[in-house]
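Each remark here refers to the structure printed beneath this line.
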Amino acid sequence: MAIEVTPGMFSSKQVKPSMKAGLVMAAFTLLTLYTFGFAGNAAIVTFQLSDKGHALSVPDFAVSSSAFAILVGGLMGVITLVATALTILKRVVPMWLSLIFGLLWISTLLGWLAAGNVVPVSFILSNAVVLAVPIILGALGGVISERVGVVNIAIEGQLLTGAFVASVIGSVTDNLWLGVAAAAIASAILSMALASLAIKYLVDQIIIGVLINLLVIGVTNFLYSQWLANDGQNVNYPGTFDVLSIPILSEIPIIGQALFANRVTVYLCFVLVPLVWFMLFKTKLGLRARAVGEHPLAADTVGINVARTRFWWVTTGGAIAGIGGAALSIGNVGAFGREMSGGLGFIALAVVILGRWQPFYVSAAALLFGFAIIMRVWANQVSPGIPTDFITMVPYLVTLIAVTGFAGKVRPPAASGQPYTKG
């Protein structure tokens with residue numbers, strides 16, 4: 001007879017206190033105060049908080065760029081002191097505190113770049129959300145896989161597969177919903193290959209993921225050059241979902257356009273994040289999945305089929321990542337392009353770590369990278385003197401700093417990456 005699993009059986013702390021967060025915060029605070037503040041540009045920067053003509057529009061906020069940096073830098077200093085005190089007391093710096101710190105630094109960066117110009121806050125946030133959706137959905141697939149003990153390096157390939165299939169099926173059938181469904185199914189099948197090789201045949205999970213990525217890149221590049229490029233009007237021109245604006249809510253200053261005036265793929269992301277969190281942390285099914293990822297032998301002992309649990313959860317994670325791929329093509333661009341995932345799958349892997357394998361934290365961290373991507377475009381417009389190569393590397397630089405500086409001594413699920421053989 002199977003023994004019931006209880007929440008306390010596989011509980012463990014995910015993070016250990018680390019001085020890294022306080023040190024990185026201190027460095028960024030000093031950088032902000034000196035570079036953006038005391039040595040910064042005193043020109044007026046105008047933060048445009050809402051679009052003109054909206055019923056709920058609010059006045060623009062105009063302030064000296066350097067004075068704004070000094071004020072916000074002071075707030076960052078307070079957070080740095082709090083984080084340092086928590087570390088000294090052997091307590092973990094909360095993720096939300098790090099996110100607030102990051103938000104404050106981003107605001108000073110925007111003010112510094114746009115000194116003498118206007119910062120369209122609503123526009124930047126809206127684009128950051130759209131660009132973060134593929135990262136969020138890819139990272140959710142990674143969270144699900146690693147929670148059951150399978151390392152998913154193949155997120156890049158799953159996103160690329162979803163983008164390709166969604167574009168082709170959406171074009172051929174003239175139905176974008178079928179494109180999204182086909183993208184989820186195709187990436188799920190790809191994940192089945194990953195799961196089968198890792199779980200049944202015990203092949204190294206890292207090697208499998210790398211090979212799947214290379215295979216998908218090669219296949220999609222070949223099909224693009226031999227098929228899509230020659231008949232793009234019929235097989236690679238699906239278009240995008242229409243923007244759906246929710247009355248009144250879409251006119252809320254700052255967040256209205258970002259959250260309530262978007263395409264279906266963005267709204268799907270808003271649904272999937274809390275749904276994955278609920279399934280993982282509030283249901284018996286999720287408890288068993290986490291038990292398999294923490295201690296498969298103990299889970300097996302109480303009657304849980306480890307192989308089957310891992311297989312179906314990894315497959316589900318692949319389907320979600322496939323929807324993220326669809327968000328790239330028919331949810332944003334309107335067509336498939338060669339290697340259009342552009343490393344977002346690897347950023348998603350970093351987001352999984354930075355978000356500590358928690359869906360909501362992962363989503364918040366992904367927004368940081370969405371901002372870094374849109375900043376490449378916007379910064380060239382307001383500060384054309386900044387080298388293009390530097391702007392291009394910003395998302396990856398942010399990834400490196402965030403993971404090494406703010407992630408802390410995170411511990412993944414104990415059995416992540418470890419094959420399990422019954423008996």
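A short reminder: the numbers here are calculations on the coordinates, not readings from a lab. Keep in mind the model is a prediction, meaning the values are calculated, not measured. A quick note on method: Cβ atoms are made from the backbone with ideal geometry, for glycine too, and the neighbour counts reach across all protein chains shown.
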- Quickly work out the Asn230-to-Gln418 label distance, labels modelled 7 Å from Cα along the C-beta direction, and quote it in nm with one decimal. 5.2
- So between Ala62 and Ile206, what do we pick up on full extension, going 0.36 nm a residue minus the alpha carbon distance? 46.8 nm
- Ile248 to Ala26: FRET efficiency via 1/(1 + (r/R0)^6), r the Cβ-Cβ distance, R0 56 Å, to the nearest 0.05? 0.85
- Message: Quick check: from the Cα gyration tensor, does segment 130-368 come out rounded (a/c under 1.5), prolate or oblate?
- Response: oblate
- Label Asp174 and Leu400 with points 7 Å out from Cα along Cα→Cβ: what is the distance between them in nm? 5.0
- Message: Given an 8 Å cut-off on Cα distances and at least 6 residues of separation, report the relative contact order of the chain as a percent.
- Response: 27
- Note on the structure: For the Val377, Ala43 Cβ pair and Förster radius 22 Å, calculated FRET efficiency rounded to 0.05 is 0.50
- Once you have a ≥ b ≥ c as the square roots of the Cα gyration tensor eigenvalues for segment 152-288, tell me rounded if a/c is under 1.5, and otherwise prolate or oblate according to whether a/b is larger than b/c. oblate
- Note on the structure: Net charge (Lys, Arg +1; Asp, Glu -1) of residues whose beta-carbon lies under 14 Å from that of Leu140, Leu140 excluded, is +1
- Filter the DSSP H helices in the chain by two things, a Kyte-Doolittle mean of at least -0.5 and an axial alpha-carbon span of 24 angstrom or more, and list the hits by number. 65-88, 95-113, 121-147, 155-173, 176-195, 205-223, 264-281, 306-328, 359-382, 388-406
- Centre separation in Å (Cα based) which lies between segment 322-357 and segment 203-227: 15
- Message: Just to be sure I understand the model, the point goes 7 Å from the Cα along the line to the Cβ. What's the resulting Val82 to Ser196 distance in nm?
- Response: 5.1
- When the chain is reduced to its Cα atoms, the Kirkwood hydrodynamic radius in Å: 22.7
- DSSP beta bridge pairing in the chain, given as percent antiparallel to the nearest 5: 75
- Task: Starting from the Cα of Leu297, move 7 Å in the Cα-to-Cβ direction to define the label point; list residues of segment 148-170 whose amide nitrogen is under 12 Å from there.
- Result: none
- Here the relative contact order (percent) of segment 130-368, from C-alpha pairs under 8 Å and at least 6 apart, is 42
- Item | Value of [θ]222 nm, deg cm²/dmol, for the chain, DSSP H segments ≥ 4, -39500 (n - 2.57) each, nearest 500 | -20500 deg cm²/dmol
- Task: Run the dipole for the chain about the Cα centre, Lys and Arg Cβ at +1, Asp and Glu Cβ at -1, nothing else charged, and hand back the magnitude in debye, nearest 20.
- Result: 1400
- Query: Hey, what's the Cα Rg ratio for segment 84-173 versus the globular rule of thumb, 2.2 N^0.38 Å?
  - Reply: 1.59
